[in-house]
Structure formats: C-alpha cells, structure tokens
Amino acid sequence: MTALRFAVTDGWTITRRDLLHWRRAPSIAVITLLFPVLLLLMFSYLLGGGMAVPDGGDYREFLVPGMAAMVMLFGLETTFTSVATDATRGITDRFRSLPMSPSAVVLGRAGADLLQSLATIAVLIGAGLLVGWRWHNGLGPALGALAMLILLRIALLAVGIFLGLLAADPQAVVAMQILVWPFGFLSNVFTSPATMPGWLGTIADANPVSATVAAVRELCGNPGWPGTSWFAENATLLAVVWPLVLLAIFFPLAVRRYQRLNR
Amino acid sequence: MPAIEATGLVKRYGADTALAGLDLAVPEGTVCGLLGPNGAGKTTAVRILTTLLRPDAGHATVAGIDVVKDPAKAKAALGLVGQHAAVDEVLSGRENLQLFGRLHHLGARTATRRADELLAAFGLTDAATKSVRHYSGGMRRRLDLAAGLITEPRVLFLDEPTTGLDPRSRAEIWSAVRDLVRRGTTVLLTTQYLEEADQLADRIALLDHGRLAAEGTSDELKAVLGGDRVEVLLVDQSDVDEAAHLLAVPGLEVDRDAAKVSIPATDRVDTLSGVIRTLADAAIPAQDIAIRRPTLDEVFLHLTATEVPA
Ligand SMILES: Nc1ncnc2c1ncn2[C@@H]1O[C@H](COP(=O)(O)OP(=O)(O)OP(=O)(O)O)[C@@H](O)[C@H]1O
Ligand SMILES: [Mg+2]
C-alpha cells in the first residue's frame, strides 16, 4: 500500500519537475505547442489547394486528425530526449540511489509527457476549430477519438523510454527526429495511401499511425478515403490493437532495460 | 560492526576486470580515503556499495544492510555524490534540492527549509533561484554535494568530490565533510588528490587494478618508503658526486639532474647537523637542506608503479 502511494507521490514529484522545466524555459514549451499548428497552417494553406478529398470534403477537415496523430509521434522525441538526457547526466543514477519508489521514474515521465501531449493537442484543436475543422458526431465519439490518440501516445512512451535508455545519448535524438518524418509521411496523415504505388500504399495502411488517424476521422465524422487493403478496412480495430502490441513489446523491454542498468 | 564492509567484490566488464576481489572495512564514524590511479576501480566500488551496480561476486554491507539483497533499505541509510554532477540543469539550485528532498519523502515545507539550510551552508544562497545552467563548475559541484546531504545519511559516499574545484571551494567541502563526521556520519571518499586523503581520511585504501595495494593510516603508508629523509639541494650540479661520496651511508639516493642528494634521517636532527657540517667542511654550497617526510604522492607512485625499476 505504501509502495503504491510512494509510486504515485514520487511520480508526481518527477512530473512536476518537467512542469517546472516548462516554466523555466517557456520558449521551448511555446515552440513545442505551436509547431503542429505551424504544420497545420502550412499544409492546409500552402499545399492543401492541390489536395483532393473524397466527397468534395475540406482538406483541413481531413488534415486535423492526421496532425493530432503527428503530435503523438513528435512526443516520441520528447520522451526519448528526456530519458537519454537523464541517463547521461547521472540524474537517473541519482534517482536510483534515493530511497524513492523505483516505478516513480517511469510514472513521472509518463505523467509529464502525457500532459505535454494533451496541452499540444488542446492547442491544435483550438487552431483546427479556427480553420474550420469540426467534430460532427457529438462529444462522446470525439472523446473516444481523443482516447485513441492517448493510447497511441502511451505506446510511444514505452518505445521512447526503451530507446532513450538504450541510446543513453541525447544527441541521438537527431536520428529520431529524422525517422519520425518517413513514419509520418508513409501513412494516411497527409494524403491517401491509395495514391501511392501499391505495395507502398499497403505499408502506409499498415502503419500504426494510419490506423489511429483513420479511427479518429471516423469517430469525428471527418472525410477520409475508403481503404482497399485489409489494414484500412479494419482501421478502428487496429487503432486499439497496434498500440497494445507496441506496449506488449516495448513496456517489458523498457522495464528490463531499466532493471539492467545495474549490470 | 563496520559501517562499510566489502569482501571479495568482483566486477567484470567483458574481458576487463574492474574489481578483482576487493576487501574493505570502514569503522563507523571514520573517513576512508579510496585512492587509486585512473581506471583502478574506485567508481566501480562506489557504485556497487551504493546499490547502483551488482557485483559479479562478493558481498557488501552498508550500515549492516546487504546492498545486493536489500537495496531499498540500504538506500535509506546512504548518500551518494557521484563523480559527475548529477543535478537538473534547467531547475534552480533551490528547486533541485526541493526535488531531491521530496524524493527523500520530506514534506513540502521541510524540503524547502532543508534546501535553504543547505544553500546557506554551501554559499549558494545568492544563486538559489538561478538556473543551474548558469552555475560555475564549482557551484554545481557544491550543489551536487548538498543534494547528497539532504537527510544527513549514516554513510556517505563521495566520488572525487573536489576534482576541478579551486582551493577555496575545496576547503569548504572539506570542512563540510568534517562537520558531518563530527555528527557521526561515516564517509568513504575517492580522490585523485593525495593531499585530500591526507587531510580528511583516518585510513587510506590504495586501489590498483581492482585490488587493494595497501591500506593504513597516512603515516603507516609513508613508512612504507622507509621514513623521513634528510634532503640536500646543491647549488652546483658538479658537486653531486663529491657530496654523495662524503655522505655515503646505506640508503643514500642521488638525483644528478636535480642536484639532489638524500639520506635516511636515522637520528633526525643529529643526522641533519652532521650533513650540514660535512658539507661546510668540504666547502660545498647548498641551496636547501631539510628533513622531509615522504609525500603520499611518492607512496602512490611507488605502490602503483606498473614497471618496477631495475
Ligand atoms: N560501464 C562500463 N563498461 C565497460 N567498462 C567499464 C565500465 N565502467 C568501468 N569500466 C572499466 O572498469 C575499470 C574501472 O573503472 P572505474 O570507473 O571504476 O575506475 P576509477 O578508479 O573510478 O577511474 P577514474 O579515476 O578515472 O574515475 C576501467 O578499466 C574501466 O574502463
Ligand atoms: Mg572514477
């Protein structure tokens, strides 16, 4: 019982450390919050004119769910950088030498990163509403869509913690930042996988990001392309299954990696 | 019961052996200086004793608690200041100490009060609200040390606490360590500075290639080199041979390049005045004549020499 209580209170202490970071370095927080909005505006106003959307729908309606998933993907960089920085700077070792709850390090990280993603999503939704995006099926499904996004973020959290502990080098985030883009583009975020060469389109449909985006569009009643591949047809199911699979793989890996820091 | 006890600690990294069977016992309330050249295994030993690393073999207790079997309990009794400053760069000094205080399960108000006490004790009050990014290396190190002292641990581990500090900051840290010891904390400190071990440590353990090369008080270790010597620094290098000839006794040492001759100070002042007389009679001018105790540096070099001079 006390173990659980300390896991929560210590975890919150660590989450609050990140909140203090935002206050101490507000410019970084503002850039993180506004970057997806910048992308949304760039893609909808600079490139959006050339984009066809089924049923004469609005490209911005199409784009907002995709950008929301991109926010989750960008969160991977945040998780990775924080974990790798703490590992190299000796902060992780300091935590490990304190009589605090061992799971609090992960819980605190999860809390801080989820809060950051939620704040970024909130700003994106605000911007989306301003450029004409709406949810059309009522609040319930819209919250369901939010839950899908959070589920994806939680899965990426495990991935980020594992990779951060593995690399233990904050510089490696550059590699992550580069990798996030093919992951984002090889999906249905910006355009229909059906317009890609056949096999590439299938990969794009199979991308976990695509599943989440398709599910969010469905739940919010935003336009999307009817898929032809098995992955596209079962997107809503996959939006739940994919993150759970990622979690099942990477959560144990991350825990093991953390426990093996004493090797 | 010793505050720190290690028997047969072994740690291997692939083919490298960082610790090859380390035995160590530090009595309660004393300071043990762990000395050794780079790569001797000092940090490895500290990391095992502070539960951060599992030994491949051997057994260790801190404050009577097995660090492998009961790390959680051991952590409550120990404090660690690692080799590299482990503080949050973005937060201020006070925020850092509050954070670590909270993680020691102090209440919010106690954590703040303790943070302010420590900031004052380490001369950081003026910089309390500044981001650590803007701290100098010495300020960072002092903050790091303060973070290790939040709950006045029963056993404190300091891994090279003063490396890179100016003499004044070093003296401040020394006096902080002495205060703690006075209040009953046992300290194990590793250092590259032999003077530091000489100043602070009751006993010194000399580590080399993962093994204890020697152990004892500073005086005991210096006695390894055969005690005090009378050392003569001549004005003229060409006089060295004649001086050596006149002073000839067993244990005479000559350093031609430095124009130095030295003999064991068997009868202390009598030996000294004998040397002065001999040189004066032969009209050999000397710059400096003194009784000198071997420094720990010499002991260190002697005991950790990889090539034994022929
Ligand atoms: N994580 C590691 N992986 C591989 N080898 C390691 C690791 N940590 C230490 N070693 C090796 O173990 C040996 C002892 O290292 P250790 O850091 O304990 O030495 P040290 O006495 O603290 O040295 P220094 O005075 O330079 O801090 C070295 O040969 C080092 O290369
Ligand atoms: Mg070291």
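Bear in mind these aren't lab numbers, they're just calculated from the coordinates by the rules spelled out. Bear in mind the structure is a predicted one, so any value in this text is a computation, not a measurement. Glycine gets a Cβ as well: all are built from the backbone with ideal geometry, and neighbour counts include every protein chain shown.
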*Rounded, prolate or oblate: which one fits the stretch A:1-63, using the alpha carbon gyration tensor with axes a ≥ b ≥ c (rounded when a/c is under 1.5, else prolate when a/b beats b/c, else oblate)?*
oblate
*Beta bridge orientation in the stretch B:4-222: antiparallel %, DSSP, nearest 5*: 55
*asked:* Compute for the stretch B:1-103: radius of gyration divided by Kirkwood radius, i.e. Rg/Rh, restricted to C-alpha atoms, rounded to two decimals.
replied: 1.01
*Given H placed 1.01 Å from N in the peptide plane, which residues other than close sequence neighbours of B:Ala18 have an amide H under 5 Å from its amide H?*
B:Lys11, B:Arg12, B:Tyr13
*List, in order, the whole-Hz ³J(HN,Hα) value for each residue of the stretch B:206-222 obtained from phi through the Karplus relation with A = 6.51, B = -1.76, C = 1.60 and θ = phi - 60°; use x for Gly and Pro.*
9, 9, 8, 6, x, 10, 6, 8, 6, 8, x, 6, 4, 5, 4, 5, 5
*Can you list the aspartates and glutamates whose alpha carbon is less than 13 Å from that of B:Lys130, not counting same-chain residues fewer than 8 positions off?*
B:Asp88, B:Glu89, B:Glu95
*asked:* Need one word for the protein assembly as shown: rounded, prolate or oblate. Basis is the Cα gyration tensor (sqrt eigenvalues a ≥ b ≥ c); a/c below 1.5 gives rounded, then a/b vs b/c decides.
replied: prolate
*Compute the Cα gyration tensor for chain A, then decide on rounded, prolate or oblate, letting a ≥ b ≥ c be the square roots of its eigenvalues: rounded whenever a/c is under 1.5, prolate when a/b is larger than b/c in the other cases, and oblate in all that remain.*
prolate
_Point-to-point label distance, B:Glu298-B:Lys73, nm (Cα→Cβ direction, 7 Å offset)_ = 4.8
_On C-alpha positions alone, give me the angle between the axis of helix A:139-167 and the longest principal axis of chain A, in degrees, nearest 10._
50
_Tell me which of B:Ala146, B:Met1, A:Ala248 sits at the most positive position along the dipole axis of the protein assembly as shown, charges placed on C-beta atoms (Lys, Arg +1; Asp, Glu -1)._
A:Ala248
*Determine, from the Cβ-Cβ distance of B:Glu220 and A:Ile28 and an R0 of 51 Å, the FRET efficiency 1/(1 + (r/R0)^6), rounded to the nearest 0.05.*
0.35
*asked:* Nearest 10 degrees is fine. How inclined is helix A:59-88 to the longest principal axis of chain A, computing both from alpha carbons?
replied: 20
*Check cross-link reach from B:Lys75 to the lysines: straight Cα distance under 25 Å, and skip same-chain residues fewer than eight apart.*
B:Lys11, B:Lys42
_With 10 angstrom as the radius, rank A:Tyr59, B:Tyr193 by how many other C-beta atoms surround their C-beta, starting from the fewest._
B:Tyr193, A:Tyr59
*Could you pull out every residue, at least 5 positions away or on a different chain, whose amide H is within less than 5 Å of the one on B:Leu212? Hs are placed 1.01 Å off N in the peptide plane, and Pro or chain starts have none.*
B:Asp23
*For the stretch B:46-62, Karplus couplings with θ = phi - 60° (6.51, -1.76, 1.60), whole Hz, Gly/Pro x*: 4, 5, 5, 5, 9, 6, 6, 9, 8, x, 6, 7, x, 8, 8, 10, 10
*Using DSSP, restrict attention to beta bridges with both residues in the protein assembly as shown and report what percent are antiparallel, rounded to the nearest 5.*
65
*So what's the angle, to the nearest 10 degrees on a 0 to 90 scale, between helix A:104-130 and the longest Cα principal axis of chain A?*
30
*First obtain the Kirkwood hydrodynamic radius of chain B from its Cα pairs, then insert it into the Stokes-Einstein equation at 4 °C and 1.567 mPa s, and state the resulting D in µm² per second as a whole number.*
59
*Taking amide H positions as placed in the peptide plane 1.01 Å from N, state which residues far from B:Gly79 in sequence (5 or more) or on other chains have amide H under 5 Å from it.*
B:Val155, B:Leu156, B:Phe157
*Summarise the long-distance tail of P(r) for the stretch B:1-60 by giving the % of C-alpha pairs beyond 14 Å.*
54
*How well do other chains shield peptide A:250-259, expressed as the mean number of their Cβ atoms within 10 Å of each residue Cβ?*
0
*Which whole number gives the average count of other chain Cβ atoms within 10 Å of the Cβ atoms across peptide A:12-18?*
4
